Amino acid sequence: MTDLVRTTLEGGVLTLTLNRADKKNALSKAMYGALVQGMVRAEEEAGIRAVLFQAEGDMFTSGNDIADFTEVAMGKVQPENVAASPFLQCLASSTKPYVAAVQGNAVGVGTTMLLHCDMVIVAEDAKLTVPFVNLALVPEAASTMLLPMRIGYARAYKMFALGEPVSGKEAAEIGIATEAVPASQVRARAMDYAKKLASRPAGALKLTKQLMRDPGLIKHVMEREGVAFKERLRSPEALEAFRAFAERRAPDFTKVA
Ligand code: COA
């Protein structure tokens with residue numbers, strides 16, 4: 001059991017805290033595993049009435065651990081074994097209310113996972129980015145459907161294609177987040193909402209979530225994205241992007257076939 005995700009249960013709220021601040025909460029295989037374990041537990045235990053994601057340190061998460069992507073790009077690990085997939089599938093099929101408390105950067109899956117949360121509280125100065133294309137990848141987590149549904153094609157395309165950040169304030173205005181508050185208040189506000197949700201009739205909340213989402217469609221889009229994502233992970237372009245990150249330099253895609 002990793003201590004890189006802390007799990008606490010209080011007042012019907014299961015809190016999953018990312019605890020790898022020195023690596024900006026980059027999500028490793030062990031962390032995805034612990035998150036899945038927490039989410040499965042939330043489905044199974046009637047006493048858990050809401051789930052809250054939060055993170056230690058100055059940012060929510062810098063996304064998937066790039067070292068794990070590099071292993072796939074180098075052929076050491078099969079793309080089928082990318083640990084984000086079970087996490088996202090589990091999140092997409094969850095029936096309990098999910099809340100997220102987001103400070104600092106939320107990169108890649110750090111932003112796309114928010115599209116599967118029911119209430120997202122962001123710091124006004126948070127930075128949400130989906131730089132998949134900059135890494136020579138494609139978006140995942142059904143975000144190619146869910147993000148345009150939330151904010152329209154034009155804004156979603158710009159976020160995906162340019163990988164530029166959207167602030168927490170803007171994220172709340174355009175509908176990615178529920179509410180933007182000063183960074184110092186993010187956690188408390190998110191917990192307030194989680195507790196409120198825990199006090200509501202669980203059966204009605206479950207059905208409301210079910211009616212508002214279409215898990216079958218989301219699964220279909222995730223499968224489509226998954227095919228392209230796996231292909232991209234093994235591309236020379238992606239390997240160049242991952243190496244450039246490790247070597248702290250800008251990627252040079254012009255020399256890649
Ligand atoms: N995977 C693996 N390690 C990561 C990481 C990631 N996604 N994000 C950060 N880290 C590591 C860095 O390598 C560094 O490790 P080191 O101290 O051993 O050198 C440490 O975390 C701190 O990161 P650093 O880049 O120095 O912090 P920063 O505040 O200057 O920048 C980010 C923060 C998030 C902007 C930057 O780390 C970044 O761009 N990370 C990659 C994000 C990304 O592309 N994720 C994948 C999306 S699909």
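The values are calculated or read from the model by the stated rules, or taken from the named source; none is laboratory data. Computed from a predicted structure; not experimentally measured. For neighbour counting, all protein chains shown are included, and Cβ atoms are generated from backbone atoms with ideal geometry for every residue, glycine included. Accessible surface areas use protein heavy atoms only, side chains included; no ligands, DNA or RNA. Shrake-Rupley method; radii C 1.70, N 1.55, O 1.52, S 1.80 Å.
Look through the stretch 141-170, keep the residues that are on the phi > 0 side of the Ramachandran plot and touching a residue at least 24 places away in the same chain (Cβ under 8 Å), and return whichever of them is surrounded by the fewest Cβ atoms within 10 Å (Cβ to Cβ).
Let us first name the residues in the stretch 141-170 that are on the phi > 0 side of the Ramachandran plot, namely 141-142, 152, 163.
Filter once more, keeping what is touching a residue at least 24 places away in the same chain (Cβ under 8 Å): 141-142, 163.
Numbers: A141: 30, A142: 25, G163: 16.
Only one residue fits best here, namely G163.
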Exercise for the section: Could you please find all residues in the stretch 83-112 being touching a strand residue (DSSP E or B) at 6+ places or on another chain (Cβ under 9 Å), within 13 Å of K29 (Cβ to Cβ) and open to solvent by 20 Å² or more (accessible area, probe 1.4 Å)? Expected result: A83
Problem - Residue under evaluation R248, criteria (1) in a helix (DSSP H, G or I); (2) open to solvent by 80 Å² or more (accessible area, probe 1.4 Å), criterion not met - result: (1)
Exercise for the section: State which residue pairs qualify: first residue over 24 Å from F253 (Cβ atoms) and inside the stretch 124-140, second residue near the ligand (Cβ under 10 Å from one of its atoms) and open to solvent by less than 10 Å² (accessible area, probe 1.4 Å) in any location, beta carbons under 6 Å apart, and separation of 6 or more residues or different chains. Expected result: L128/A106; L128/T111
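Yes or no: T254 out of contact with any strand residue (DSSP E or B) (no Cβ under 8 Å at 6 or more places or on another chain) and at pLDDT below 95?
Details: out of contact with any strand residue (DSSP E or B) (no Cβ under 8 Å at 6 or more places or on another chain): yes; at pLDDT below 95: yes.
Criteria met by T254.
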Fill in the blank from the handout: A careful count of residues in the stretch 214-234 that are outside any helix (DSSP H, G or I) and touching a residue at least 12 places away in the same chain (Cβ under 8 Å) gives 1
Practice task
Filter the stretch 52-65 for residues that are crowded, with 18+ Cβ neighbours inside 10 Å and within 9 Å of the ligand (Cβ to nearest atom) and give the result.
Solution key: M59, T61, S62, G63, N64, D65
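Does N105 meet the test of being within 12 Å of the ligand (Cβ to nearest atom) and on the phi < 0 side of the Ramachandran plot?
Working: within 12 Å of the ligand (Cβ to nearest atom): yes; on the phi < 0 side of the Ramachandran plot: yes.
Yes: the conditions hold for N105.
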Handout entry: The listed residue being under 19 Å from T15 (Cα atoms), open to solvent by 10 Å² or more (accessible area, probe 1.4 Å) and among the acidic types (D, E), out of D125, D118
Key = D118
Practice task
Considering each residue of the stretch 77-97, count those that are within 16 Å of the ligand (Cβ to nearest atom) and under 19 Å from P236 (Cβ atoms), and give that number.
Solution key: 3
Completion exercise
Over the stretch 109-118, the set of residues over 18 Å from M59 (Cα atoms) and either within 14 Å of the ligand (Cβ to nearest atom) or part of a strand (DSSP E or B) (or both) is none
Practice task
Could you pull out the residue among R41, R49 that is crowded, with 18+ Cβ neighbours inside 10 Å, among the charged types (D, E, K, R) and away from the ligand (no atom under 12 Å from the Cβ)?
Solution key: R49
Problem - Any helices (runs of 4 or more DSSP H) falling wholly within the stretch 10-108 and containing at least 1 residues that are touching a residue at least 40 places away in the same chain (Cβ under 8 Å) and more than 20 Å from S143 (Cα to Cα) - result: 29-44, 66-73
